[in-house]
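Comments concern the structure below.
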Amino acid sequence: MPLDTSFPIPVARSVADLRKIVFGWRRAGERVALVPTMGALHAGHLSLSEAARAQANRVVVSIFVNPTQFAPNEDFERYPRNLGSDIEKLARQGFVGLVYAPTAAEMYPNGFSTAIRVAGVSEGLESAARPHFFGGVATVVAKLFMQAQPDVAIFGEKDYQQLLVIRRLVRDLDIPVEIVAAPTLREHDGLAMSSRNAYLTAPERKIAGFLNTVLGEVAAAVAGGKSPSEACNTGRARLLKLGFAAVDYLEVRDADSLDPIEMLNEPARVLAAVRLGGTRLIDNAPVLPKAD
Ligand code: PAF
């Protein structure tokens, strides 16, 4: 498949075209950053590519709505897709050198039979409601790393458990890529930017901003000495009172291992998934032990 030059940034559709360009850059001694995305790009994604630029001379953004991380009852079909407008946004940044937008057949050719399972950090939290999810993510991200062979890759802290799963994957499989975490970008009311925010109705959108407020309250309560389980019970009740339809989880976990904690001795993270109408939102916040 030839490189698609009909967009303001060249688009590689095949592994061969991707490698031709990336390997050329690397041979010339340039450092290459990859920003994996599923498209529907918003300011949060653009902040990931900004972070990539700070890490490397060349930035590649991949856009692939990965079917294996969606269960049959999830939003794969309706997940927003607009390659043209995504590339326009990246082009306006002025530094993204290549978009990699493989076809599903290029990523998962007939007979594809391999799956990567990362144990430990992938268990619980997101996996409780979406048991298929991290297998799909780990497999596609490992493939993207093998395909592009970047020096560095950027992932948002918004998907905190995903970030830890990818760090584990890279360590366990000795994949020579540095993983850099980028902070979550938020709307004026604190709502974490996400492609799925587009599904929210106007009244739901008003409620959504309170997720970050409640995460901050739970983090402050735990940092102030309250037990994580008590703080989370209060937080859960607050979320439901504020109008969230359900709380899939609201938990304080160790920031590195994601093990449950009973007391705050090490840096921790409060993580939540909530439902508003048909939309599921996730977010998280740091909890730091007070310095003595
Ligand atoms: O975070 C995402 O957008 C996706 O899970 C990723 C990492 C691009 C894999 O499909």
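Of note:
- Among the residues here, residue 155 qualifies as within 11 Å of the ligand (Cβ to nearest atom), part of a strand (DSSP E or B) and either of a type outside the set (Lys, Arg) or out of contact with any His (no Cβ under 8 Å at 6 or more places or on another chain) (or both).
- Picking from residues in the stretch 1-52 that are in a loop (DSSP other than H, G, I, E, B), small (Gly, Ala, Ser) and touching a helix residue (DSSP H, G or I) at 6+ places or on another chain (Cβ under 9 Å), the one that is surrounded by the fewest Cβ atoms within 10 Å (Cβ to Cβ) is 14.
- Annotation: of all residues in the stretch 191-203 being in contact with a Gly (Cβ under 9 Å, 6 or more places away or on another chain) and open to solvent by 40 Å² or more (accessible area, probe 1.4 Å), the one that is nearest to the ligand (Cβ to nearest atom) is 199.
- Per the listing 28, 54, the residue uniquely closer than 24 Å to residue 187 by Cα, more than 16 Å from the ligand (Cβ to nearest atom) and free of Cβ contacts under 8 Å to residues at least 24 places away in the same chain is 54.
- Per the conditions (1) in a loop (DSSP other than H, G, I, E, B); (2) within 14 Å of the ligand (Cβ to nearest atom); (3) open to solvent by 50 Å² or more (accessible area, probe 1.4 Å), the sole criterion not satisfied by residue 150 is (3).
- Flag if residue 112 is aromatic (Phe, Trp, Tyr), more than 22 Å from residue 52 (Cβ to Cβ) and either in a loop (DSSP other than H, G, I, E, B) or more than 12 Å from the ligand (Cβ to nearest atom) (or both): yes
- Of all residues in the stretch 158-184 being surrounded by 18 or more Cβ atoms within 10 Å (Cβ to Cβ) and in a loop (DSSP other than H, G, I, E, B), the one that is nearest to the ligand (Cβ to nearest atom): 159
- Close pairs from the stretch 204-233: first open to solvent by less than 10 Å² (accessible area, probe 1.4 Å), partner assigned to a helix (DSSP H, G or I) and small (Gly, Ala, Ser), Cβ under 7 Å, at least 6 apart: 214/235; 218/231; 218/235; 222/231; 231/221
The values are calculated or read from the model by the stated rules, or taken from the named source; none is laboratory data. Small disclaimer: the values here were computed from a predicted structure and weren't measured. When we count neighbours, we look across all protein chains shown, and the Cβ atoms used for this are built from the backbone with ideal geometry, even at glycine. Just the protein is used for accessible areas: all its heavy atoms, side chains included, with ligands, DNA and RNA removed. Shrake-Rupley method; radii C 1.70, N 1.55, O 1.52, S 1.80 Å.
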